[in-house]
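Participant: Would you mind keeping the following structure in view while I ask a few things?
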Amino acid sequence: MPTSLQGTVALVTGASSGIGEATAAALAAHGANVAIAARRRDRLEALAGRIAADGGAALVLEADVTDPEQARGIVEDTVSALGRLDVLVNNAGVMLLGPIVGADPDEWDLMLDLNVRALMHVTNAALPHLLQAAEGDPRRVADLVNVSSVAGRLARAGSGGYNASKWAVNAFSESLRQEITKRFVRIALIEPGFVATELQSHNRPEIQAQIQTLVEPGLGMQAQDIADAIVYVVTRPRHVAINEVLIRPTVQDR
């Protein structure tokens with residue numbers, strides 16, 4: 001069963017922390033050359049240094065993918081510098097929870113811009129390269145992984161804007177899967193439950209307190225748990241496509 005990504009190139013968005021950072025390091029450890037994109041260059045450079053120290057290679061791409069030109073640019077820069085694109089992990093995202101009644105529409109706009117529109121623009125730019133990679137060596141298959149959420153399949157009071165953005169990601173991903181799966185570009189949705197990352201820290205203090213009640217301290221997932229799932233997905237044999245992974249802490253019941 002193949003586990004090597006030697007000879008491939010992976011692009012990971014939102015790679016400066018959390019799931020994106022762990023995923024980029026894990027893909028590099030399996031042999032991929034990785035392009036790491038986010039706004040915080042200092043964190044990207046630190047990650048690239050760790051990857052290099054472990055024998056890998058990483059291309060730092062400072063970008064705000066909510067800007068369509070920069071979203072396209074990270075794909076173009078990856079292919080220009082590294083020669084190809086075999087794996088795209090759309091991980092960049094933000095979670096801003098709260099009631100719909102009295103909500104700040106600017107928070108909705110930010111989630112739609114980053115969670116949905118940026119993902120679509122990066123995907124649009126990447127698809128020609130993924131399709132080309134799937135036609136030849138070394139794997140004759142390519143992978144597009146969209147990091148969604150439990151919120152993409154289960155709507156809750158107090159989460160309407162975030163739910164809407166992640167349901168959009170799920171719908172877009174499934175439509176694209178049906179469109180190109182016979183061309184050996186695999187589309188995977190990763191839907192994490194509670195993960196101990198800085199994602200929660202963008203919320204108001206009272207919302208952060210509510211989030212913490214989902215899982216007892218010490219029993220939540222870590223970013224590496226999600227990275228492990230992503231690596232599993234993209235290292236399956238060519239004839240196997242893992243289309244959806246719902247992954248929650250054992251003790252999370254909703």
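The values are calculated or read from the model by the stated rules, or taken from the named source; none is laboratory data. Only a predicted model underlies this, so the values are computations on that prediction, with no experimental measurement involved. Neighbour counts are summed over all protein chains in view; Cβ atoms, including those assigned to glycine, are modelled from backbone coordinates with ideal geometry.
Participant: Can you tell which of His121, His129 is over 20 Å from Asn170 (Cα atoms) and surrounded by fewer than 23 Cβ atoms within 10 Å (Cβ to Cβ)? Let's see the steps before the verdict.
Facilitator: Values: His121 fails: over 20 Å from Asn170 (Cα atoms).
Among His121, His129, only His129 is over 20 Å from Asn170 (Cα atoms) and surrounded by fewer than 23 Cβ atoms within 10 Å (Cβ to Cβ).
Participant: Taking the criterion of being modelled with pLDDT under 95 and basic (Lys, Arg), would at least one residue in the range 195-210 satisfy it?
Facilitator: Within the range 195-210, the first condition is being modelled with pLDDT under 95, and the residues that meet it are 195-210.
Right, trim to basic (Lys, Arg) and you get 204.
Checked the range 195-210: at least one residue is modelled with pLDDT under 95 and basic (Lys, Arg).
Participant: Next up: Filter the range 25-61 for residues that are among the aliphatic types (A, V, I, L, M), within 13 Å of Val9 (Cα to Cα), without any contact (Cβ under 8 Å) to a residue 60 or more places away in the chain and not in a loop (DSSP other than H, G, I, E, B) and give the result.
Facilitator: Ala28, Ala29, Val34, Ala35, Ile36, Ala58, Leu59
Participant: Taking the condition of being surrounded by 15 or more Cβ atoms within 10 Å (Cβ to Cβ) and assigned to a loop (DSSP other than H, G, I, E, B), how many residues in the range 139-153 meet it? Working first, answer last.
Facilitator: Kept after step one, since they are surrounded by 15 or more Cβ atoms within 10 Å (Cβ to Cβ), are these residues of the range 139-153: 139, 141-153.
Checking which are assigned to a loop (DSSP other than H, G, I, E, B) leaves us with 139, 141, 148-149, 153.
Residues in the range 139-153 being surrounded by 15 or more Cβ atoms within 10 Å (Cβ to Cβ) and assigned to a loop (DSSP other than H, G, I, E, B): 5 in total.
Participant: Could you figure out which of (1) surrounded by fewer than 24 Cβ atoms within 10 Å (Cβ to Cβ); (2) in a helix (DSSP H, G or I) isn't true of Gly20?
Facilitator: Gly20 satisfies every listed condition except (1).
Participant: So Glu135 ticks every box in (1) more than 16 Å from the chain's Cα centre (by Cα); (2) assigned to a strand (DSSP E or B) but one. Which box is left unticked?
Facilitator: Just one mismatch for Glu135, condition (2).
Participant: Given (1) assigned to a helix (DSSP H, G or I); (2) at pLDDT 95 or above, identify the lone condition not met by Ile190.
Facilitator: (1)
Participant: While we're here: Could you tell me whether Gly7 is out of contact with any strand residue (DSSP E or B) (no Cβ under 7 Å at 6 or more places or on another chain) and either surrounded by fewer than 24 Cβ atoms within 10 Å (Cβ to Cβ) or not hydrophobic (A, V, I, L, M, F, W, C) (or both)?
Facilitator: On the way: out of contact with any strand residue (DSSP E or B) (no Cβ under 7 Å at 6 or more places or on another chain): yes; either surrounded by fewer than 24 Cβ atoms within 10 Å (Cβ to Cβ) or not hydrophobic (A, V, I, L, M, F, W, C) (or both): yes.
Considered against the rule, which asks whether it is out of contact with any strand residue (DSSP E or B) (no Cβ under 7 Å at 6 or more places or on another chain) and either surrounded by fewer than 24 Cβ atoms within 10 Å (Cβ to Cβ) or not hydrophobic (A, V, I, L, M, F, W, C) (or both), Gly7 comes out as yes.
Participant: Out of Val94, Val89, report the one residue that is part of a loop (DSSP other than H, G, I, E, B) and in contact (Cβ under 8 Å) with a residue 12 or more places away in the chain. Give the derivation first.
Facilitator: Numbers: Val89 fails: part of a loop (DSSP other than H, G, I, E, B).
Matching residue, one of Val94, Val89: Val94.
Participant: Right, next: Filter the range 62-83 down to the residues that are in contact (Cβ under 8 Å) with a residue 40 or more places away in the chain and touching a Gly at 6+ places or on another chain (Cβ under 9 Å) and list them by number.
Facilitator: Here is the first cut: in the range 62-83, the ones in contact (Cβ under 8 Å) with a residue 40 or more places away in the chain are 65-66, 68, 71-72, 74-79, 81-83.
If the condition is that a residue be in contact (Cβ under 8 Å) with a residue 40 or more places away in the chain and touching a Gly at 6+ places or on another chain (Cβ under 9 Å), then Val65 is the only one that fits.
Participant: Of Val65, Val60, which residue is more than 23 Å from Val116 (Cβ to Cβ), at pLDDT 95 or above and among the β-branched types (Val, Ile, Thr)?
Facilitator: On the way: Val65 fails: more than 23 Å from Val116 (Cβ to Cβ).
After applying the criteria, what remains is Val60.
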